[in-house]
Amino acid sequence: MRTGLLVSVRSADEALEALACGADVIDVKEPDRGPLGAADPELIEEVIATVAGRTRVSAAQGELVESNARFVPTGLTYVKWGLANLTTQVEIVVSALRARPGPAQPVLAAYADYLRAGSPEPGYLADLACRHHFPAFLLDTAVKDGSTLLDWISVDRLVHMRANLGGAGVRVALAGSLGRQQIENLASVAPDWFAVRGAVCDGGRAGRVNAKRVRELKQVISTTCR
């Protein structure tokens, strides 16, 4: 499969914009609530209805240690929680996450700046994703301060990690304030998806999805990641 583009949206209108411009996955989250901030269930349901099966829809559900059995709407392909402040019984928690009921496939999410997040080290989580046969693995950054994924982890390490995950049948999404330059630098990693928000919004991640920006980034991926 060629590398695709995942666009995080915070409204049904943004979802339509991204879908029309070639987004391969529509991801629903609320940036004001953190790196994997959960949108309200009603909004997630609205986006699912708007996309109407034309592509995959995923949703962030916040940090797992703060989750109170949040309702997960039906119709999602993927669902993910952050692991910030998870310091004990990591493998037990990950195993339970993999076994959670429901049709949405769980994504194991790691933070490259894990020390700032108090989360497990990403290489360790990638190994657990392989061992527990997760459908997908996301590598993101926890603190949105202008640094990018490549400020926290090298391309060579990502290539190695991606090879191990791919060999175990785990699909890979790379995020972390990625723009054109970072995506071009990460082309050799060949993830299944580059996941973006700020790069396709006017005004950064708190702004609004811009169709032109989505098209441009989609073109960068299609020409860079062959």
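Each reported figure results from applying straightforward, stated rules to the coordinates on display, with no laboratory input. Quick caveat: nothing in here was measured; it's all calculated off a predicted structure. With ideal geometry, Cβ positions are generated from the backbone for all residues, glycine too; neighbour counts draw on all protein chains shown.
Going by how many other Cβ atoms sit within 10 Å of their own, how do V7, V155, V170 line up, fewest first?
Ascending number of Cβ neighbours within 10 Å: V155, V170, V7.
Using alpha-carbon pairs under 8 Å, 6+ residues apart, how would you state the relative contact order of the stretch 102-226 in percent?
This gives 20 percent for the stretch 102-226.
State which entries of K80/K144; K80/K218; K29/K80 exceed 20 angstrom in Cα-Cα distance in the structure shown.
K80/K218
If I take every Cα pair under 8 Å that is 6 or more residues apart in the chain, average their sequence separation and divide by the length, what percent do I get for the relative contact order?
Relative contact order comes out at 20 percent.
Run lengths n ≥ 4 of DSSP H only: what is the helix-derived mean residue ellipticity at 222 nm for the chain, with -39500 (n - 2.57) per run over all residues, to the nearest 500?
-9500 deg cm²/dmol
Quick check on the exposure proxy: order T88, T223, T50 from fewest to most C-beta atoms within 10 angstrom.
Ranked by crowding around the Cβ, least crowded first: T88, T223, T50.
Where a ≥ b ≥ c are the square roots of the eigenvalues of the C-alpha gyration tensor, would you call the stretch 43-114 rounded, which needs a/c under 1.5, or, failing that, prolate if a/b is larger than b/c, or oblate?
In terms of gyration-tensor shape, prolate.
Convex hull over the Cα atoms of the chain, averaged projected area in nm²?
Averaged projected hull area, Cα only: 10.7 nm².
With springs connecting C-alpha atoms under 10 Å apart, model the chain as a Gaussian network and identify which of A190, A49, A163 has the largest mean-square fluctuation.
Ranking A190, A49, A163 by mean-square fluctuation puts A49 first.
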